[in-house]
Amino acid sequence: MSVAAVDAARDYAVPLVLALVVHAAALFALAGGMAPEQTLRETIKPSMIQARLLSLSPPKPQARPKPVQPTVAPPRPAPEPTRRPRPQPAQAKPEPDAKAEAERARAEAERERAERLQALSERSMATALSEEAAGLADSAIEDAAMDYIYAIHRAVVEQWSRPQSARNDMQARLLVELVPSGDLLAVTLTESSGHAPFDRSAEAAVRKVGRFEVPTDRALFEARFRKFTLLFKPEDLLR
């Protein structure tokens with residue numbers, strides 16, 4: 001038999017059995033004096049229960065718990081960008097009045113000119129006073145020194161012996177150095193006459209004096225007599 005035939009026989013087996021049972025019960029009731037309705041009820045009831053027991057419903061599936069939805073934090077609002085103040089356009093400076101500017105420059109130049117003139121005037125006056133004072137001082141020094149100059153001149157002339165070969169066009173210059181006491185420190189020939197005997201005679205005259213008369217005023221001595229020159233000529237002896 002095929003599978004389909006087996007399934008069909010199984011499906012009709014139960015009703016067929018029930019039909020046979022019902023017919024048998026009816027015959028038995030008729031034969032035994034039983035009421036057909038009662039016999040049928042008692043006979044069919046177990047079979048019906050059995051038939052119901054055979055029909056079992058599958059268990060209901062249990063409801064699955066709903067998945068917990070994750071809590072999502074709301075997104076933070078983006079910070080607003082800092083607004084920079086707009087640069088204000090530079091205000092144009094008013095141009096100065098050309099005439100007023102020219103007047104101001106002229107006044108400034110005049111003021112500077114007056115200051116320069118004042119400074120020059122003061123400087124000139126100070127220079128003039130200084131030169132006058134220096135001239136007076138030099139004059140006073142010259143007056144005070146003249147006596148000592150003449151004394152030195154006389155002392156050297158007295159000690160100088162001119163050589164016989166000396167001529168009028170000859171001259172010799174000597175540098176004389178003294179100490180504050182007037183003593184001779186050194187004598188140096190700075191300009192030769194070109195004639196050795198004449199030069200030696202001039203130097204010998206200075207050395208023979210040895211000690212000169214000088215002022216006791218230290219400032220005057222330092223200014224005029226610490227170092228001085230003597231010019232020797234055959235016709236005269238000049239300072």
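The values are calculated or read from the model by the stated rules, or taken from the named source; none is laboratory data. Note that the coordinates shown come from a computational prediction; the quantities given were computed from them, not determined experimentally. Cβ: placed from backbone, ideal geometry, glycine included. Neighbour counts: every protein chain shown.
Some notes on this structure:
- Test result for T216, hydroxyl-bearing (S, T, Y), exposed (fewer than 13 other Cβ atoms within 10 Å of the Cβ) and over 20 Å from A144 (Cα atoms): no
- Hey, R162 touching a Phe, Trp or Tyr at 6+ places or on another chain (Cβ under 9 Å), at pLDDT below 90 and on the phi < 0 side of the Ramachandran plot or not: yes
- Going through (1) in a helix (DSSP H, G or I); (2) at pLDDT below 85; (3) surrounded by 12 or more Cβ atoms within 10 Å (Cβ to Cβ) one by one, T127 falls short only on (3).
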